[in-house]
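Enquirer: This is the structure, below, for whatever I ask next.
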Amino acid sequence: MNIKLAFASFAAIVVVAGGARALDAAQTSLAQRYYAAAPGDAARGKTFFFAERVNAKGETKSCATCHTTNLKGPGKSAAGKEIGPMAASVAPKRFTDPAEVEKWFKRNCDDVLSRACTAQEKSDVLAFLLSI
Amino acid sequence: MKVQNTRLFNSGVISVGAAFLALIAGAGALLADGERVAPVRDPVVKKECGACHIVYPAALLPAQSWRAMMAGLKDHFGDNAELDEATTRRIADYLVAGAASERKRRIAPAALRITEQPWWTRKHEKRGRVSTRALAKAGAKSKSECKACHEGAEQGVFEDEN
């Protein structure tokens with residue numbers, strides 16, 4: 001997919017989600033990289049984020065297990081450490097470093113789904129978190 | 001009369017001196033007991049380890065434990081904590097350099113959990129300090145949360161026992 005189309009779909013998602021808020025330039029460029037592989041859908045990302053699954057260890061988990069359902073507030077790691085809010089509107093430094101984003105997708109998809117996330121799933125989650 | 005006063009004065013000096021010596025010896029024992037250790041100073045180690053849990057000082061585990069732990073980050077006590085190769089190496093090197101001496105007593109080089117080190121269990125479990133009730137009272141979900149009782153844990157201070 002070409003960059004223009006990817007950016008157009010990205011802009012459309014932001015408008016659909018009602019997010020008039022401007023994203024940080026680094027967040028926009030990071031999102032474009034993901035959307036070039038698969039355009040993100042915020043609504044689908046939201047469903048994915050809160051879907052409870054039983055992983056290979058038999059644990060019932062979702063992204064909200066640690067990040068909670070209030071993504072503008074802090075979450076808590078399994079070891080009891082506070083995790084900063086996930087919503088881009090209150091976390092302007094999130095989703096700016098590609099290596100950091102990939103590191104967490106790799107770890108967390110493995111912990112929750114016992115597999116890697118697809119390009120589509122990553123784009124959707126990103127679109128969701130950037131829209132709130 | 002004058003002589004007596006001098007004697008009193010002298011005995012006072014001796015007891016103050018003895019108290020001071022006892023204090024130094026006490027402080028020495030605490031240090032030797034490992035209740036104050038070097039905190040992690042490397043910013044990468046602080047950031048990566050501290051993303052999920054408290055930043056445990058390197059001296060809480062022997063080198064062999066750190067090496068094994070850093071070689072198995074894909075299953076880090078049940079969670080995936082994988083890092084890129086360069087970062088993994090940097091953190092492993094730092095932790096190994098500051099690790100507890102394997103020649104010390106009550107060090108178990110094969111145990112990966114700090115809470116499975118014999119010195120740790122001796123200090124905590126036998127005294128009921130990490131009983132379910134004690135942990136709940138301190139607001140800790142598990143005994144891995146040193147800070148619930150040792151506020152200065154990440155600064156390497158473990159003297160504030162309850």
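The values are calculated or read from the model by the stated rules, or taken from the named source; none is laboratory data. Quick caveat, the model's predicted, so the values are computed rather than measured. Cβ atoms come from the backbone with ideal geometry, glycine included; neighbour counts cover every protein chain shown. All accessible areas refer to the heavy atoms of the entire protein, side chains included, with ligands and DNA or RNA removed. Shrake-Rupley method; radii C 1.70, N 1.55, O 1.52, S 1.80 Å.
Enquirer: Which cross-chain or sequence-distant (5 or more) residues have an amide H under 5 Å from the amide H of A:Ile83, H modelled 1.01 Å from N in plane?
Expert: Residues meeting the amide H criterion: A:Gly75, A:Lys76, A:Ser77.
Enquirer: Now, a different point. Just reorder B:Arg133, A:Arg53, A:Arg107, A:Arg115 by solvent-accessible area, largest first, 1.4 Å probe, all chains present.
Expert: Highest to lowest solvent-accessible surface, that is B:Arg133, A:Arg115, A:Arg53, A:Arg107.
Enquirer: Per residue of segment A:105-116, what does 6.51 cos²θ - 1.76 cosθ + 1.60 with θ = phi - 60° give for ³J(HN,Hα)? Whole Hz please, x for Gly and Pro, Karplus curve as stated.
Expert: 4, 4, 5, 6, 5, 4, 5, 8, 10, 6, 7, 7
Enquirer: Given R₀ = 22 Å, FRET efficiency for A:Trp104-B:Arg67 by Cβ-Cβ distance, to 0.05?
Expert: 0.30
Enquirer: Could you compute the net charge surrounding B:Gly139? Neighbours are other residues with a C-beta less than 11 Å from the C-beta of B:Gly139; K and R count +1, D and E count -1.
Expert: Combined, the nearby Lys, Arg, Asp and Glu give +2.
Enquirer: May I pose another question? How much net charge surrounds A:Ser123 when only the other residues with a Cβ under 10 Å from the Cβ of A:Ser123 are counted, with Lys and Arg +1 and Asp and Glu -1?
Expert: 0
Enquirer: Moving to a separate point now. Compute the signed sum of charges (Lys and Arg +1, Asp and Glu -1) over the other residues within less than 14 Å, Cβ to Cβ, of B:Pro62.
Expert: +4
Enquirer: Which residues of segment B:67-83 end up with at least 10 Å² less accessible area in the presence of all protein chains than when their chain stands alone, using a 1.4 Å probe?
Expert: B:Lys74, B:Gly78, B:Asp79, B:Asn80, B:Ala81, B:Glu82, B:Leu83
Enquirer: Summarise the partner chain shielding of A:101-107 as one whole number: the mean count of Cβ atoms from other chains within 10 Å of each residue's Cβ.
Expert: The mean count of partner-chain Cβ atoms within 10 Å per residue comes to 3.
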